[in-house]
Amino acid sequence: MLKTVLAACLFAAVAFAQQQPDFSKVEIKTTRVAGNVYMLEGMGGNMAALTGNDGIVLVDAEYAPLADKIRAALKTVNDKPVKYLINTHWHGDHTNGNTAFGDSAVIIAHDNVRKWLSSEQKSVFGQAIPPIDKNGLPIITYDHGPTLHLNGDDILLYHPANSHTDGDTIVYFSNEHVVHMGDNFVNGRFPILDVPHGGSVKGMIAADEMMLAHTPTDTKFIPGHGPLSTRADLEKYVAMLKDTRDTVAAAIQKGRTADQMKQDKILSKYDSLGSPDRYIDFLYADLSRTASGSGQ
């Protein structure tokens, strides 16, 4: 059952590009994480919300057809409107909902999120992704992350260089000790490395280790996908990233191709995270580029 749910999340963006999924069956689950910070789960990337008198600060927005359900879920915890929307990266399962909130909310993201959303892209699965409507584009962008002072909290926005993509933002609600990791951390399955858009396993490891080093021991982590997580969950994830990176790098040094690595089942110890074949492709593309001197 777990693998089925995770697979549905993994291919949500692809399904949306190919045909409209049945959004009428999607329910938005709201979980209080700490203080006035909530985690919302629907179809696509996990969302976070900080509530208070300054209006709701929403992190990611899933899909536009779910906007009314997201608003209804938020009203169960706070009657203020969404005033600020932070994108953790450009992928559609996190940003498609921008168009439903952009008329009333200030959209904030890294410079490269606006860059990628402004023109047609290809997903890591090969599908063409059209540019987003103008009202869904971030209107405040940055190269190095700012700090937002809203609802009595200091919200730190970190931009890790070349991690899941080249435009990631990690959102730290510092007063509540809650971090939204975006897709730099997915709990319960292999990650996606968007290599054509700057993704790098080295950068992902560095981003995750940075947050472990700069947050208290009681910090709770909202992954891009998967259940609410603890420090131990993120530490386990980092260990997996390092081990799989080293395993694939060693195979590359021996001259093995990605297909040969799949045939050899070199990552079979992690089969509980799903089929490793696509992840091997990501690592091979990333590490082969790095080994040749053309990578990040």
Which count do you get for residues in region 19-61 that are assigned to a loop (DSSP other than H, G, I, E, B) and either farther than 21 Å from Tyr172 by Cα or of a type outside the set (Asp, Glu) (or both)? 19
Single residue of region 132-142 satisfying the filter (in contact with a Lys or Arg (Cβ under 9 Å, 6 or more places away or on another chain) and part of a loop (DSSP other than H, G, I, E, B)) that is surrounded by the fewest Cβ atoms within 10 Å (Cβ to Cβ): Ile139
Of (1) over 17 Å from the mean Cα position of the chain (by Cα); (2) at pLDDT 95 or above, Leu2 satisfies all except one. Which? (2)
Which of the residues belonging to region 180-203 are aliphatic (A, V, I, L, M) and within 12 Å of Leu234 (Cα to Cα)? Met181, Val186
Just give me the residues in region 90-140 being over 18 Å from Tyr63 (Cα atoms) and of a type in the set (Gly, Ala, Ser), in sequence order. Ser119, Gly126
Going through region 58-83 one residue at a time, which ones are within 15 Å of Ala48 (Cβ to Cβ) and not charged (D, E, K, R)? Leu58, Val59, Ala61, Ile70, Ala73, Leu74, Val77, Asn78, Val82
Looking at region 258-276, can you tell me whether even one residue there is at pLDDT 95 or above, within 30 Å of Thr219 (Cβ to Cβ), basic (Lys, Arg) and part of a helix (DSSP H, G or I)? yes
Out of all the residues in region 104-131, which are closer than 22 Å to Leu193 by Cα, part of a loop (DSSP other than H, G, I, E, B) and touching a residue at least 12 places away in the same chain (Cβ under 8 Å)? Ser118, Ser119, Ser123, Val124, Phe125, Gln127, Pro131
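Each row is one residue, and each column tells you yes or no for (1) in contact (Cβ under 8 Å) with a residue 12 or more places away in the chain; (2) of a type in the set (Lys, Arg); (3) assigned to a helix (DSSP H, G or I); (4) under 17 Å from Val37 (Cα atoms).
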{"site": "Leu156", "(1), (2), (3), (4)": "yes, no, no, yes"}
{"site": "Arg189", "(1), (2), (3), (4)": "yes, yes, no, no"}
{"site": "Ile205", "(1), (2), (3), (4)": "yes, no, yes, no"}
{"site": "Leu212", "(1), (2), (3), (4)": "yes, no, yes, no"}
{"site": "Thr215", "(1), (2), (3), (4)": "yes, no, no, yes"}
Every residue from region 62-95 that is under 25 Å from Lys115 (Cα atoms), in contact with a strand residue (DSSP E or B) (Cβ under 6 Å, 6 or more places away or on another chain) and in a loop (DSSP other than H, G, I, E, B): Asn87
Residue check for Asp143: closer than 22 Å to Val57 by Cβ, among the acidic types (Asp, Glu) and in contact with a Phe, Trp or Tyr (Cβ under 6 Å, 6 or more places away or on another chain): no
Exactly one of Ser174, Ser229, Ser163 is closer than 23 Å to Leu85 by Cα and either free of Cβ contacts under 8 Å to residues at least 24 places away in the same chain or in contact with a Cys (Cβ under 6 Å, 6 or more places away or on another chain) (or both), and that one is Ser174
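The values are calculated or read from the model by the stated rules, or taken from the named source; none is laboratory data. What you are looking at is a predicted structure, and each value in this text was computed from that prediction instead of being measured. Glycine gets a Cβ as well: all are built from the backbone with ideal geometry, and neighbour counts include every protein chain shown.
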